[in-house]
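Undergrad: Structure in structure tokens, see below.
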Amino acid sequence: MTMRLDYLSIFPAYFDVLDISLLGKAAVNGLVEVHAHDLRDWTHDRHRTVDDTPCGGGAGMVMKPDPWGEAFDEIIGTEPDSSVHVIFPSPSGAPFTQSAAQELSSAVRIVFCCGRYEGIDHRVIDYARSMWTVHEVSLGDYVLNGGEVAALAITEAVVRLVPGFMGNPESLAEESFSAGQDGLLEYPLFTRPVSWRGLDVPEVLMSGHHGRIAKWRRDESVRLTCERRPDLTDSDFGVPH
Ligand SMILES: Nc1cc(-c2ccc3ccn(Cc4ccc(CN5CCCC5)cc4)c3c2)n[nH]1
């Protein structure tokens, strides 16, 4: 089953990068197909205007609804279809999580609507909600200049979970933020050389003693999580506060 990804943006070149690296391979072997569109193709004035001043006043400009509506008609269609997922990155969106990525990895179609300026006329989101499955998502509590970088990050988090994408599915189970690690941060990783610039790999990892290694890794995950992400430690898991 091929996943179709569409990107609507006034900077569609942001998505040229999707033709390379792992995502490129996924596209080549038919797992995903990627289409980037320039929102200005759905404007009709000489200046290809996509923005206007905010009703009610305020700083900056707001993206007009008209180009979005016409782009939706052509790219997605004019009939409601709940199997189409439409994503609006936004600073005021719900935090994007690994479970959201997991859910989206089974979608047949995802359309990313990348705003710029101060954002998109809210009626565009309301209209989209009446037609498709809409997700307003934030990448984190910091302000980007537009939705494109967020769309790329969400794309990578989703596509790498598509069945048949990753060569070694086992590596996905152990990762941080996935059930395999009980929601704890990942332990530190090492490889050869054993001694590097006076820094040595922890001896336990060279002991070949799998029980001790597993304990060391678990202890490191707990230590790191308590230090860096107390919000992830939950008394239900018996992880000390
Ligand atoms: N996680 C995350 C996502 C984003 C993000 C996503 C899409 C867009 C589209 C435009 N912008 C720039 C932008 C938006 C809002 C303000 C805040 N203003 C205060 C009053 C009105 C608005 C400033 C600047 C985006 C930013 N940023 N961070």
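The values are calculated or read from the model by the stated rules, or taken from the named source; none is laboratory data. Please read all numbers here as calculations on a predicted model, not as lab measurements. Heads up, the Cβs are rebuilt from the backbone with ideal geometry, glycines too, and the neighbour counts pull from every protein chain shown. For the accessible areas, the whole protein counts, side chains as well, though only heavy atoms, and no ligand, DNA or RNA atoms are used. Shrake-Rupley method; radii C 1.70, N 1.55, O 1.52, S 1.80 Å.
Residue-by-condition table, conditions (1) at pLDDT 95 or above; (2) open to solvent by 40 Å² or more (accessible area, probe 1.4 Å); (3) in contact with a Lys or Arg (Cβ under 6 Å, 6 or more places away or on another chain):
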| site | (1), (2), (3) |
| --- | --- |
| Val158 | yes, no, no |
| Gly180 | no, yes, no |
| Thr191 | yes, yes, no |
| Val201 | yes, no, no |
| Arg212 | yes, yes, no |
| Asp219 | yes, yes, no |
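Undergrad: Where residues in the stretch 95-117 are of a type outside the set (Val, Ile, Thr) and part of a loop (DSSP other than H, G, I, E, B), which of them is farthest from the ligand (Cβ to nearest atom)? Quick ask: steps written out before the conclusion?
TA: Going through the stretch 95-117, the residues of a type outside the set (Val, Ile, Thr) turn out to be 95-96, 98-107, 109, 112-117.
If we keep only those that are part of a loop (DSSP other than H, G, I, E, B) as well, we get 96, 105-107, 114-117.
Details: Phe96: 8, Ser105: 21, Ser106: 24, Ala107: 20, Cys114: 7, Gly115: 3, Arg116: 5, Tyr117: 6 Å.
Result: Ser106.
Undergrad: Let me ask another. Looking only at residues in the stretch 83-94 that are open to solvent by 40 Å² or more (accessible area, probe 1.4 Å) and out of contact with any Lys or Arg (no Cβ under 8 Å at 6 or more places or on another chain), which one is farthest from the ligand (Cβ to nearest atom)?
TA: Ala94
Undergrad: Of all residues in the stretch 115-133, which are crowded, with 19+ Cβ neighbours inside 10 Å, in contact (Cβ under 8 Å) with a residue 40 or more places away in the chain and of a type in the set (Val, Ile, Thr)?
TA: Residues satisfying the conditions are Ile120, Val124.
Undergrad: What's the number of the only condition in (1) farther than 21 Å from Asn145 by Cα; (2) under 26 Å from the mean Cα position of the chain (by Cα) that Thr43 fails to meet?
TA: Of everything listed in (1) farther than 21 Å from Asn145 by Cα; (2) under 26 Å from the mean Cα position of the chain (by Cα), Thr43 misses just condition (2).
Undergrad: Is it the case that the stretch 95-114 has a residue that's open to solvent by 60 Å² or more (accessible area, probe 1.4 Å) and farther than 17 Å from Val159 by Cα?
TA: Checked the stretch 95-114: at least one residue is open to solvent by 60 Å² or more (accessible area, probe 1.4 Å) and farther than 17 Å from Val159 by Cα.
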